[in-house]
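Note sheet for the following structure.
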Amino acid sequence: MVNGIKTLFNLGTVAYLSISLTSCQGGMNTRAANAPQDTTEFAERVEEVKNTDPVRNGMLTKRWRDPIHIPTDTLHPISKDSVNKLLKLERRRIKDSVRLALDKFPKHIYLTFDDGPLLGSAAIDSISKAKNIKINVFLVGKHAHMSKGLKRDFQRYYNNPLVECYNHSYTHANNKFTTFYSNPISAFDDFEKNEVDLNLKHKIIRLPGRNIWIYNDVRRIDLQSGASTADMLYTNGYRIFGWDVEWKIHGLTGKPIQSVNEIYTRLKNYMNNKSSMEPNNVVLLMHDDMFQNRKGQYLLSTLIDTIQANTDYKFEFMQDYPFRY
Ligand SMILES: [Zn+2]
């Protein structure tokens, strides 16, 4: 929303500047007399700016991804070594300039928690409220039926406007991933069952045990087992999201496998180097059961505080992924 407003504001500013210049060329007194024409002109200018506005068309993201071509001179061919050297230089030049341009735009971070509701979910819910940040949970319906307490924790997530609930399958593949994905139709049904059971509002999925992304013009598969299920889900209107960075903590002891500082540095490197799936967007994977111990909860709070104190990253919902510039 804020991003949208900012975009409109920028559009308005550029459009206004263009019109001011046109008006000056046309003479000061013609403005009032030509009011209706100005309105049409204004609309045309807005269209023109919109079409060249990188915020809208993802021009920088495209430049970042596109391969680099060097026109070949067939009359004066140069050695393969020289071509490679030129390519390397050109690639670095473009990457540096696009990285600088992208750094001027907002940066977005997505905290995602998998496998809830589990012990730990209630604490995650409270932390999102205490810090007033948006978070994303990929839920497993079966877990909500394991106890009254977990059903209540699911309801807390569901009723918290700072939490968006997404689909992580009903059974979590019973943790037998290859078997689960070997039958894409029954796997598909398992996701549908979860959607109905939890009354999920968004068609957004993360596959258990797989880091697979299929959305818009992107299709990235980590393991072939899972690809058919993912394709079937995408064809039926779902978007499938993986993750860029994973944080691990021992749930029972709260002992981190990566310290807050390590994970914070990793997130920052992904953001700065544009090495995430989408430049200026970084998705962090965690699991609900990591935060059942007070030590783990303290680490999560500390990570959020560190991000808020040292960066201007915006905490976002996966529903809005990706912001392309
Ligand atoms: Zn999972």
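The values are calculated or read from the model by the stated rules, or taken from the named source; none is laboratory data. Predicted model only: the values in this text are computed from it and were never measured. All Cβ positions, even for glycine, are placed from backbone atoms using ideal geometry, and neighbour counts span all protein chains on display. Protein only, heavy atoms only, side chains kept; ligands, DNA and RNA dropped before computing areas. Shrake-Rupley method; radii C 1.70, N 1.55, O 1.52, S 1.80 Å.
Note on T179/Q319: beta-carbon distance plugged into 1/(1 + (r/R0)^6) with R0 of 35 Å gives a FRET efficiency of 0.70. Between their Cα atoms, which of K193/K295; K248/K314; K148/K268; K142/K201; K95/K201 are more than 29 Å away from each other? Those over the limit are K193/K295; K148/K268; K95/K201.
Which of the trypsin sites (Lys or Arg not before Pro) across the stretch 128-225 are loop residues per DSSP, with 14 or fewer other Cβ within 10 Å?
Working: sites: K129, K131, K134, K142, K148, K151, R152, R156, K176, K193, K201, K203, R206, R210, R219, R220; in loops: K134, K176, K201, K203, R206, R210.
Answer by residue number: K176, K201.
FRET efficiency for the pair K148 and D66, taken as 1/(1 + (r/R0)^6) with r the Cβ-Cβ distance and R0 = 51 Å, rounds to 0.40. Available extension along the chain between S126 and H250 is 42.6 nm, counting 0.36 nm per residue and deducting the alpha carbon span.
Fully extended, how many nm does the chain gain between I78 and N273 (0.36 nm per residue separation, minus their Cα-Cα distance)? All intermediate terms of the calculation are to be shown ahead of the outcome.
Numbers: separation 195, 0.36 × 195 = 70.20 nm, distance 3.21 nm.
Length gained between I78 and N273: 67.0 nm.
Per-residue SASA remark: D289, around 60 Å² accessible (1.4 Å probe; ligands, DNA and RNA not included). Shape of the stretch 59-104 from the C-alpha gyration tensor: prolate (a/c of 1.5 or more and a/b above b/c, with a ≥ b ≥ c the square roots of its eigenvalues). Just to confirm my numbers, what's the Cα centroid distance between the stretch 55-99 and the stretch 265-310 in Å? Answer, in whole Å: 33. If both residues of a DSSP beta bridge must be in the stretch 161-301, then about 55% of such bridges are antiparallel. Surface calculation, 1.4 Å probe, protein heavy atoms: S182 sits at approximately 90 Å² accessible.
Of the chymotrypsin sites (Phe, Trp or Tyr not before Pro) in the stretch 207-303, not one is in a loop by DSSP (not H, G, I, E or B) with at most 15 other beta carbons within 10 Å.
Here the gap between N310 and L100, fully extended at 0.36 nm per residue and compared with their Cα-Cα distance, gives a gain of 73.7 nm.
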